[in-house]
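Worksheet: one structure, shown below.
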Amino acid sequence: MENWEKRLSCAEECSRCDRPLKNKERRILSVVDHQPICLDCKKEEEKNTDYEDASRQMMAECVAQTGKPYGDTASYCFHHFCPFKCT
């Protein structure tokens, strides 16, 4: 979770498909491995039959580790579900 904001917001490529990401392009954290991915790869991730279970497990672990609700916009947990850009 350290430096998650910089890792996510300014990731230069999708960790899943290796496609380059431009600064203003949105990216998001994977619920599977917490790595920054492009929105196309996120759509593919969501098609997995275990996505719902993986999301619930990730949220429970994330909230337990951070002590913040996943809906907190400043939280690491939130950015598994809300896209982010490089600023």
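Is it the case that region 36-50 has a residue that's farther than 14 Å from Cys86 by Cβ and either in contact with a helix residue (DSSP H, G or I) (Cβ under 6 Å, 6 or more places away or on another chain) or at pLDDT below 90 (or both)? No, the conditions are met nowhere in region 36-50.
For region 28-68, the set of residues classified as among the hydroxyl-bearing types (Ser, Thr, Tyr) and over 24 Å from Cys17 (Cβ atoms) consists of Thr66 only.
Quick check on region 34-50. Is at least one of its residues hydrophobic (A, V, I, L, M, F, W, C) and loosely packed, with under 12 Cβ neighbours inside 10 Å? No: region 34-50 contains no residue that is hydrophobic (A, V, I, L, M, F, W, C) and loosely packed, with under 12 Cβ neighbours inside 10 Å. Please work out if Leu21 is surrounded by 11 or more Cβ atoms within 10 Å (Cβ to Cβ), modelled with pLDDT of 90 or more and at negative phi. When the stated conditions are applied, Leu21 passes them. Taken over region 6-38, residues that are small (Gly, Ala, Ser) and out of contact with any Ser or Thr (no Cβ under 8 Å at 6 or more places or on another chain) amount to 1. Counting the residues of region 54-70 that are closer than 11 Å to Val31 by Cα and either part of a loop (DSSP other than H, G, I, E, B) or of a type in the set (A, V, I, L, M) (or both) gives 3.
In region 8-53, the qualifying residues are those that are outside any helix (DSSP H, G or I) and among the small types (Gly, Ala, Ser), and the one that is farthest from Phe78 (Cα to Cα) is Ser15.
The values are calculated or read from the model by the stated rules, or taken from the named source; none is laboratory data. Just so we're clear, the structure is a prediction, and the values are computed from it rather than from any experiment. In this analysis, Cβ positions are derived from the backbone assuming ideal geometry, glycine residues included, and neighbour counts consider all displayed protein chains.
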